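Working notes for the structure below.
The values are calculated or read from the model by the stated rules, or taken from the named source; none is laboratory data. Because the structure is a prediction, the values reported are computed rather than measured. All Cβ positions, even for glycine, are placed from backbone atoms using ideal geometry, and neighbour counts span all protein chains on display.
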Amino acid sequence: MHALRSLSIANLRSFLRDRPALFWTLAFPILFIILFGTIFSGGGNPNYDVGWVDQDGTPAAAQVRTAFERTGLLTLHDGNLAEEQDAMRHGTISAIVVAPKGLGDALAAAQGGGVSGSVQLGLYTDPTRSTASATLLQIANGVATGLNLALSGRPPVVTIENQSLQTEQLSTVSYFVPSILAMALMQLGIFAAIPLVQQREKLILKRLNATPLPRWTLVVSNIAVRLVIAAVQTALLVAIGVWVLGVQLSGDWLRILAVVGIGAVTFVSIGYVIASFARTEEAANGMTSIVQFPLMFLSGIFFPLEIMPSWLRSVATFMPLTYLGDALRQVMVGGTPFVPLWADMAILGGWLVACLAISARFFRWQ
């Protein structure tokens, strides 16, 4: 019994000294449940910025607007249809509700017991944001049902006409193919840290540093290999998306490759930052995981930003994967932008410059 106790204590101490094992066994599940719990709590309810176009101009239309506001899920922005469509294309709003001319007359006739035809409230949604579109359609139908019930149970007077803002109907997979490509490029880049740390531990970097080769040659060689792999990744994922899943690319290959190139180099530079501070391969594995999972789940590539609490949406605005995913969706399938394409590229470029500067200062060859 004494031997069993001593051996158990020794094994426990050995486990407690293994920091990567402690992280994956204890800290990682805690971080995971906090992360997902926070995402799906959404701070109570999602909130969507929605354009409101009043083509009727009657008190009844104003009351319908109030009914939408009372859901507590929408923030309405008044404007004409052209302005709101332009705002939606630029990602400022998520949908548009149109109160058509004749809405007030139809509601008044129904309330007075007279004969009235149905009137359709227009709802413009973006098919590239399938979750948000489904939620907004559900909200609009709920408001229409409430209005019809208020008319003493008469046949439906108010209905919803759902329209797509884009000329092409995009399937859900058209949204996820660019997102998966963005994730693959992110992983390709940050996991570059692990072989770098391995080579440092085995003194390979030290020996290479002692050769006449300039240091920049070694760095550029590493980046070039990653860019080749990124090109192969892109070709494979796009081929599967187009030929197997039926995704229709709306952009040209030059723009796609430009975004892929800057995205791949940006995340390789982040990998170099990790390698600069990780002393062992185990530490590099832990650090890449700590970086990878928040990027995957807080950048909007899997979960719409609208379902997150406002403070988490603010966190997403600092993450480079948010802008790589947004840029790829814009150039590949014409997705509604989170920010303009030039802003995506500028932010990725800023991350690239900052990470290269940090790596140049702190990267160790031995």
Exercise. Counting only residues that are within 14 Å of Gln366 (Cα to Cα) and touching a helix residue (DSSP H, G or I) at 6+ places or on another chain (Cβ under 8 Å), which one in region 188-203 is surrounded by the most Cβ atoms within 10 Å (Cβ to Cβ)?
Worked result: Val197
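Considering only residues that are under 12 Å from the mean Cα position of the chain (by Cα) and at pLDDT below 80, which ones fall in region 299-310?
Our first condition is that a residue be under 12 Å from the mean Cα position of the chain (by Cα); within region 299-310, this holds for 299-308.
Selection gives Gly300, Ile301, Phe302, Phe303, Pro304, Leu305, Glu306, Ile307, Met308.
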Problem set entry | Selected residue (only one of Phe32, Phe68, Phe28, Phe36 is modelled with pLDDT of 85 or more and part of a helix (DSSP H, G or I)) | Phe68
Exercise. Are there any pairs with C-beta distances below 8 angstrom linking a residue in region 148-166 that is within 30 Å of Asp86 (Cβ to Cβ) and modelled with pLDDT under 65 to a residue that is surrounded by 13 or more Cβ atoms within 10 Å (Cβ to Cβ) and not polar (S, T, N, Q), with the two at least 6 apart or on different chains, and if so which?
Worked result: Gln166/Asp126; Gln166/Pro127; Gln166/Gly334
Exercise. Which residues, counting only those in region 250-300, are among the aromatic types (Phe, Trp, Tyr) and without any contact (Cβ under 8 Å) to a residue 60 or more places away in the chain?
Worked result: Trp253
Exercise. Looking at this structure, is Trp342 assigned to a helix (DSSP H, G or I) and out of contact with any helix residue (DSSP H, G or I) (no Cβ under 9 Å at 6 or more places or on another chain)?
Worked result: yes
Exercise. Which residues, taken from region 274-295, are crowded, with 19+ Cβ neighbours inside 10 Å and either at positive phi or under 13 Å from the mean Cα position of the chain (by Cα) (or both)?
Worked result: Leu295
Problem set entry | Subset of region 206-251 (residues that are surrounded by 13 or more Cβ atoms within 10 Å (Cβ to Cβ) and of a type in the set (Ser, Thr, Tyr)) | Thr234, Ser250
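Scanning for something of a type in the set (S, T, N, Q) and assigned to a loop (DSSP other than H, G, I, E, B), does region 345-362 turn up at least one residue? Before the answer, list the steps.
Keep residues of region 345-362 that are of a type in the set (S, T, N, Q), which gives 359.
Retained after the next criterion (residues that are assigned to a loop (DSSP other than H, G, I, E, B)): none.
Checked against the condition, which is being of a type in the set (S, T, N, Q) and assigned to a loop (DSSP other than H, G, I, E, B), region 345-362 yields no hits at all.
Here are Leu218, Leu208, Leu254, Leu249: which of them is part of a helix (DSSP H, G or I) and more than 23 Å from Ser359 (Cβ to Cβ)?
Numbers: Leu218 fails: more than 23 Å from Ser359 (Cβ to Cβ); Leu208 fails: more than 23 Å from Ser359 (Cβ to Cβ); Leu249 fails: part of a helix (DSSP H, G or I).
Unique residue meeting the criteria: Leu254.
Going by the conditions given, is Arg313 among the charged types (D, E, K, R) and more than 12 Å from the chain's Cα centre (by Cα)? Can you show your working first?
Details: among the charged types (D, E, K, R): yes; more than 12 Å from the chain's Cα centre (by Cα): no.
No; evaluated as a whole, the condition is false for this residue.
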For this session: Output yes when any residue across region 319-337 is assigned to a helix (DSSP H, G or I), surrounded by 16 or more Cβ atoms within 10 Å (Cβ to Cβ) and charged (D, E, K, R), and no when none is.
Result: yes
For this session: Being outside any helix (DSSP H, G or I), among the β-branched types (Val, Ile, Thr) and over 25 Å from Val259 (Cα atoms) is the filter here, so list the residues in region 269-318 that pass it.
Result: Thr280
Exercise. So which of Val197, Val259 is part of a helix (DSSP H, G or I) and within 19 Å of Ser359 (Cα to Cα)?
Worked result: Val197
Exercise. For Leu236, all conditions in the list (1) part of a helix (DSSP H, G or I); (2) more than 27 Å from Pro320 (Cα to Cα) hold save one; what is the number of the exception?
Worked result: (2)
